[in-house]
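Everything below concerns the one structure shown next.
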Amino acid sequence: RGNLNVMREAMGVMQHHDAITGTEKQLVAFDYARQLSIGFDECGIVTETALKNLMVKPGFNAPLTIDSCLLLNISQCEVSETQSTFVVTLYNPLSRKVSRYVRLPVAGDGHAYSIRDPQGKPVTVQVVPVSEAVTKMPGRFSEATVELVFRAVDLPPLGFRSYYVSPSNIVTAPITEPKRVT
Amino acid sequence: TRYFTIGNPGSMKLTIDRWTGLPTHLHGPDLSDTPNFQQSFCYYESAVGNNEESKNRSSGAYIFRPNSSCVMVNAQPTIKYYKGPLVEEVHQQFSSWVSQVIRAYRDEDHMEFNWMVGPIPISDNLGKELVTRYSVYQMATNSTFYTDSNGREMLKRVLNQRPTYMPQLQEPIAGNYYPVTTRIMLKDDKKHFSIITDRAQGGTSLQDGEMELMLHRRMLHDDAFGVDEALNEQAFGRGLVARGTHYLAGGSSDSLAAERRLIQERVLAAWTFFTPTTLSLAEWQ
């Protein structure tokens with residue numbers, strides 16, 4: 001409860017018209033972002049605990065950290081860029097089944113990845129370069145130059161599915177070659 | 001060939017002109033014709049006033065007041081085209097501060113426009129307010145368009161008019177801008193087109209068949225409504241960079257309901273979590 005109150009307080013402060021419309025002074029805007037960021041971190045603790053309860057069989061006590069990469073919108077994620085093997089868990093907040101494409105920023109060092117669904121079946125993966133403009137974006141601290149794309153199918157309502165990402169034994173990742181058009 | 005088409009059989013497709021780097025035609029699964037289609041970026045120069053009396057206000061945090069027609073960023077972006085089993089992408093570079101990736105995913109019946117804007121240049125001492133325009137020609141929309149009200153019902157908007165009185169608009173552009181929380185839409189008797197946004201933006205339709213949404217602004221003058229600062233956001237010592245996504249959906253008028261599902265799936269998208277592991281797949285399972 002304590003963790004959630006941090007976000008509640010941030011959202012309470014941000015009922016102010018300035019926060020909603022963005023007419024606050026710049027330093028105030030930075031402080032709002034700071035409060036929200038701390039709120040997200042605190043909520044992350046609650047989410048991780050909840051997901052662990054959902055995901056881990058009773059009695060299984062392997063250490064499990066669950067990160068939400070909040071910078072995916074600028075194609076940046078430390079886990080997918082630095083870990084060779086990791087699990088991507090998608091939680092569906094809707095009350096109906098959905099499918100969606102997932103994009104994971106990874107270092108484009110050429111090695112290929114295999115992605116398997118919860119039943120261990122391989123899913124189709126495509127490696128697409130991150131656009132040049134994004135790789136040069138000020139404020140983006142990431143080595144990722146390509147993104148893994150795969151489709152998460154039939155995420156259960158108010159439920160989750162986990163996909164296992166690991167290096168593939170294919171030597172080179174067939175990055176989609178540009179049919180360069182100018 | 002000069003033209004190539006992205007998208008999948010049975011869903012929305014887009015024809016791109018190699019020479020201009022811009023889309024030219026839209027093919028919809030249940031569209032009787034393939035209307036001419038154009039998407040581009042342009043910016044309004046911000047008005048600068050002395051703010052003493054109401055008619056001489058600067059454009060700023062509280063006010064959108066353009067001081068020019070929309071200046072095209074670049075009518076001929078360079079492009080790269082990637083095609084694979086899951087997604088086709090056209091990477092467009094309009095300028096050093098405007099780029100976009102147009103994506104067509106397999107088995108999805110809408111187009112994704114992943115735009116990135118900034119830092120907006122101000123070396124000419126001009127504030128700029130960047131918008132994106134989607135034009136579906138041959139649509140007779142009678143100066144009418146629709147914007148959602150906080151993600152709920154669609155409100156009808158008519159250019160230069162108000163539902164309950166006849167306004168004398170002093171600002172012909174800003175006076176026709178409305179809040180768009182998740183969707184702006186055009187429709188005629190046969191088809192409709194919507195742009196679904198990933199955040200609240202200002203939007204309008206200044207011409208039949210055209211939808212315009214404001215993506216990013218950077219001004220150098222305060223508008224004297226109290227904040228006493230120009231809306232000139234910085235990050236890492238440079239102008240702020242904004243990146244976001246628009247989804248172009250559309251087709252015959254009876255596929256309108258399907259869009260609500262798409263909006264739900266985008267606005268309440270599945271959350272993504274990452275767990276580093278040394279377990280093997282079998283152990284993980």
>> Between helix B:256-267 and chain B, what is the angle of the helix's C-alpha long axis to the longest principal axis, kept within 0 to 90° and rounded to the nearest 10?
In response: 80
> When you look at the Cβ of every residue in B:77-85, what mean number of other chain Cβ atoms sits within 10 Å?
Replying inline: 6
> How far is it, in nm, from the label point at B:GLU153 to the one at A:ASP154 when both lie 7 Å from their Cα along the line to the Cβ?
Replying inline: 3.8
> Along the charge dipole of the stretch B:155-242, Cβ charges K/R +1 and D/E -1, which of B:LEU186, B:MET219, B:LEU231 sits furthest on the positive end?
Replying inline: B:LEU186
>> Over the stretch B:46-178, what portion of Cα pair distances is larger than 26 Å, expressed as a whole percent?
In response: 45
>> For the stretch A:13-94, what does the relative contact order come out to in percent, with C-alpha contacts under 8 Å and a separation of six or more?
In response: 14
>> Report, to one decimal in Å, the Kirkwood hydrodynamic radius for the stretch B:135-285 based on all distinct Cα pairs.
In response: 18.3
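Cα gyration tensor of the stretch B:206-250, axes a ≥ b ≥ c as square roots of the eigenvalues: rounded (a/c below 1.5), prolate (a/b > b/c) or oblate?
In terms of gyration-tensor shape, oblate.
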>> Bins of 20 Å, beginning at zero and ending with the bin holding the largest distance: percent of Cα pairs per bin for the protein assembly as shown, please.
In response: 22, 56, 22, 1
>> Only counting other Cβ atoms within 10 Å, I'd like A:MET14, B:MET185 sorted with the fewest neighbours first.
In response: A:MET14, B:MET185
>> Can you give the FRET efficiency to the nearest 0.05 for B:ASN50 and A:LYS25, using r as the Cβ-Cβ distance and R₀ = 22 Å?
In response: 0.55
> Efficiency by 1/(1 + (r/R0)^6): what FRET value for A:PHE40 and A:ARG96, r their Cβ-Cβ distance, R0 = 22 Å, to the nearest 0.05?
Replying inline: 0.25
>> For the protein assembly as shown, what does the helix formula give at 222 nm: sum of -39500 (n - 2.57) over DSSP H segments with n ≥ 4, over the residue count, nearest 500 deg cm²/dmol?
In response: -4500 deg cm²/dmol
>> If neighbour count is taken as other Cβ atoms inside 10 Å, put A:ARG100, B:ARG243 in order from fewest to most.
In response: A:ARG100, B:ARG243
>> Given Cβ point charges of +1 (Lys, Arg) and -1 (Asp, Glu) and nothing else, what value in debye, to the nearest 20, does the dipole of chain B about its Cα centre take?
In response: 320
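Order by neighbour count: A:PHE86, B:PHE193, B:PHE4, fewest other Cβ atoms within 10 Å first, most last.
B:PHE4, A:PHE86, B:PHE193
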> If we restrict to alpha carbons, what Rg and Dmax does chain B come to, in Å?
Replying inline: 20.4, 73
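Would you kindly calculate the translational diffusion coefficient of the stretch A:30-81, applying Stokes-Einstein with the Kirkwood radius from alpha carbon pairs, for 37 °C and a viscosity of 0.692 mPa s, and quote it in µm² s⁻¹ without decimals?
The diffusion coefficient I find is 255 µm²/s.
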> Can you pull out the cysteines in chain A that have no other Cys Cβ under 4.7 Å?
Replying inline: A:CYS43
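Read-outs throughout are calculated quantities, based only on the coordinates presented, and are distinct from any laboratory measurement. Because the structure is a prediction, the values reported are computed rather than measured. Here Cβ is always computed from backbone atoms with ideal geometry, including for glycine, and neighbour counts include all displayed protein chains.
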